[in-house]
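The values are calculated or read from the model by the stated rules, or taken from the named source; none is laboratory data. Fair warning: this is a prediction, and the values are worked out from it, not measured in the lab. So basically every Cβ, Gly included, is an ideal-geometry build from the backbone, and we count neighbours across all protein chains shown. Note: accessible area is taken over every heavy atom of the protein model, side chains too, but ligands, DNA and RNA are not part of it. Shrake-Rupley method; radii C 1.70, N 1.55, O 1.52, S 1.80 Å.
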Amino acid sequence: MAMEINVFKLCSGLKVLGYLMILLVAAIIAVSYYAVVVLVCGPQLLRGGLHSFFAFSVMILFHALLILLLWSYFTVVLKDPGAVPENWKPLVEEESLQAGTYLTFSDQVDPGASSSTQSFDGLERRQPVGYCARCQNGKPPRCHHCSVCQRCVLKMDHHCIWVVNCVGARNYKFFLLFLLYTFLETTMDTLVLLPHFVKFFGEAKNRSTSAGNLAIVFTAFVLNLAFSLSLLCFIIMHASLLSSNTTSVEVYEKKRAVRWQYDLGRKRNFEQVFGTKKTLWFFPLFSKDDLDTIPALQGLEFPTRSDVEV
């Protein structure tokens with residue numbers, strides 16, 4: 001008798017791998033910290049003059065970026081990306097019920113159906129009517145079912161193994177900040193460790209430094225260089241998505257569209273993710289005003305271009 005394989009259960013098993021990734025992140029940070037702060041900058045502080053000033057400046061910047069990195073990282077890990085409320089109904093159905101009319105089930109699941117309401121800024125908010133058979137619940141616009149989390153996620157971008165969580169409407173900003181600060185941290189570590197990496201082979205031959213310390217410096221440099229280069233690619237990709245107000249799962253849908261309905265212009269697109277409070281743009285926080293006045297941050301409805309038919 002052939003054994004049936006449940007693909008969705010296999011996908012949900014990826015969560016276990018995610019917890020191992022958290023340990024890997026902690027290990028990389030520990031190795032980098034020891035190499036940069038203890039082995040490289042520590043001895044420089046005792047030399048005095050410009051050497052001490054440079055080492056002190058590097059340590060201040062290192063710790064500042066590390067705090068922002070960890071703050072953003074754990075915010076992404078712990079913050080719910082946005083779940084569909086139980087028994088959620090699209091706006092068109094709520095208005096119909098209040099008016100005493102009735103929508104059939106086929107009307108609710110019709111992918112071509114949508115409702116439109118005029119927003120305060122003159123843009124239309126359109127609510128494509130959807131339904132998730134797995135969750136047995138309505139699907140707001142830009143919502144997708146995650147096979148790993150086994151639920152629908154609001155404005156889902158992707159499921160990230162590194163953060164053991166989905167990246168969606170309510171934590172996308174924190175994910176982008178995590179990418180940015182990790183890139184800055186690893187790039188700085190690479191530049192600081194580069195002279196010592198160049199000297200690695202000479203010191204290893206002369207045995208002027210312990211083998212353990214040489215191995216740590218070598219490993220830290222290679223890891224930071226690899227992460228810096230790979231993160232640069234991710235940052236460029238997500239910067240492009242952010243500028244057009246697109247998620248990773250919407251890329252192919254956007255290619256088929258003449259005009260992307262959620263593209264409101266770069267400034268507005270940026271504010272749909274980071275909010276309007278400039279003082280909070282570089283911190284994993286949102287102001288209460290932004291949460292109250294920018295529906296996209298809640299993930300249930302989104303302003304669209306009025307010149308695009310859906």
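Looking only at the stretch 53-84, residues that are free of Cβ contacts under 8 Å to residues at least 40 places away in the same chain and open to solvent by less than 20 Å² (accessible area, probe 1.4 Å) come to 1 in all.
Restricting the stretch 133-176 to residues that are charged (D, E, K, R) and in a strand (DSSP E or B) leaves a set whose member that is surrounded by the fewest Cβ atoms within 10 Å (Cβ to Cβ) is 151. Residue check: is residue 240 among the polar types (S, T, N, Q) and either within 30 Å of residue 40 (Cβ to Cβ) or surrounded by fewer than 15 Cβ atoms within 10 Å (Cβ to Cβ) (or both)? In short, yes.
Restricting attention to helices (runs of 4 or more DSSP H) lying wholly within the stretch 1-75, give those where 1 or more residues are modelled with pLDDT of 85 or more. The qualifying helices (runs of 4 or more DSSP H) are 14-33, 42-45. Being open to solvent by 40 Å² or more (accessible area, probe 1.4 Å), closer than 30 Å to residue 41 by Cβ and within 16 Å of the chain's Cα centre (by Cα) narrows it down to one of 232, 179, so name that one. The unique qualifying residue is 232.
Just so you know, in the stretch 255-277 the residues that are part of a helix (DSSP H, G or I) and over 21 Å from residue 182 (Cα atoms) include one that is least open to solvent (accessible area, probe 1.4 Å), and it is 269.
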